[in-house]
Amino acid sequence: MSPPDLPIPSTSMCTERNDIISALQEAFGPSSSALDCTAVRGGIADIYLIKTNSPNCGVYSDAPAVSCYPRTRALVVETGSIRVTRRKPSRVLLPGDIFIPMRWQRCDIEISGKTTFFIIDFLDRWDAKPTAGEIMTWRECYIPRTFFSAPAIAHLTRQSCTQDLPEALKKSAILMLASLLRQSFEAILPGEIPTPTAESRMLQIVQFVCSNVDKIGLRPANAAKKFNCSMRTIQKTCADNGTTFAKLLLEIRLSLAARRLSLGEERISTIAYSGGFASLPHFSRAFKARFGICPRLYRANLQDQAGRVCR
């Protein structure tokens, strides 16, 4: 039997866990012959095995996370090819390639013909880091099939999703998969894969926000002074990436707070004040508006889920 699902409050801000399937059905139509999708749940992640049989092209839009619990999604291509478009030029993924989109921006995933791929939908604590400066999931990550860890990631994904594994082994396999992806992040992102200028500027802004997330009153002018550019350049870069400086700042602060709450070691007031919020009520209101649940219940639900998964 699958482990109990993480409790998700009933709120209009929540996206149910079938949002991936719904988006794919919208792209390819409800016909069962055009799309075959199965899901496996394994504690910290859901893994979707998707097979498309339609000769027509379908575009699945992966929007920024809006669910009650922040999530990170990875695509692993098994057969066929997938085109990922966020801005030109697009990227074509071939069998064995792995791609993790940027979290703040929508990307379109174009699938045509007979294609088989996996979507790994991680609860965001899978790669929790102790400090804001080490956050990596704010930048997209492309792991080519030739990278040393790519075959192992693809194999673990396949085994976790397609084999009738006992629950204990399934959870272990997904934990190993999460660890391997995290280590691949750390190995590949500081490397020499070229980054377009516009992406580099946005990444600088994200890193600046992460490094100064505790500062109350952080504004675009602060980033402009840091990078010796105009405030308009900062605002335009954010706008080109589908956000604003204020929205990006709030999203990073709340996501970092969610990570720290999931670790269960700090007082909520400490998380709020060190995370750049002016008061505890301000933090609680913003957190509930974003995730549909107050910080205290968020932590309690995660701890309850962790206890049930470990039993």
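A short reminder: the numbers here are calculations on the coordinates, not readings from a lab. Here the structure is a predicted model, which is why all the values come from computation and not from measurement. Note: ideal-geometry Cβ built from the backbone for every residue, glycine included; neighbour counts use all protein chains shown.
Couple of notes before you dig in:
- Cross-link partners of K288 among lysines (Cα-Cα below 23 Å; sequence separation of 8 or more within a chain): K129, K215, K247
- Nearby lysines by direct alpha-carbon distance to K51 (threshold 28 angstrom, same-chain neighbours under 8 apart not counted): K88, K114, K170, K171
- Counted residue by residue at 0.36 nm each, then reduced by the alpha carbon distance between them, the extension gain from C294 to R145 reaches 49.5 nm.
- If only the Cβ of Lys and Arg carry +1 and only the Cβ of Asp and Glu carry -1, the dipole of region 219-268 around its Cα centre is close to 220 debye.
- Inter-label distance for E26 and K236, nm, one decimal - labels placed 7 Å from Cα along Cα-to-Cβ: 3.2
- If only the Cβ of Lys and Arg carry +1 and only the Cβ of Asp and Glu carry -1, the dipole of region 197-310 around its Cα centre is close to 260 debye.
- A viscosity of 0.890 mPa s and a temperature of 25 °C, combined with the Kirkwood radius over Cα pairs in Stokes-Einstein, give a translational diffusion coefficient for region 150-283 of 138 µm²/s.
- Computed extension gain for A278 through A187, at 0.36 nm per residue and net of the alpha carbon distance, reaches 29.1 nm.
- For D36, neighbours were defined as the other residues whose beta-carbon sits under 14 Å from its Cβ, and their charges (Lys and Arg +1, Asp and Glu -1) total +1.
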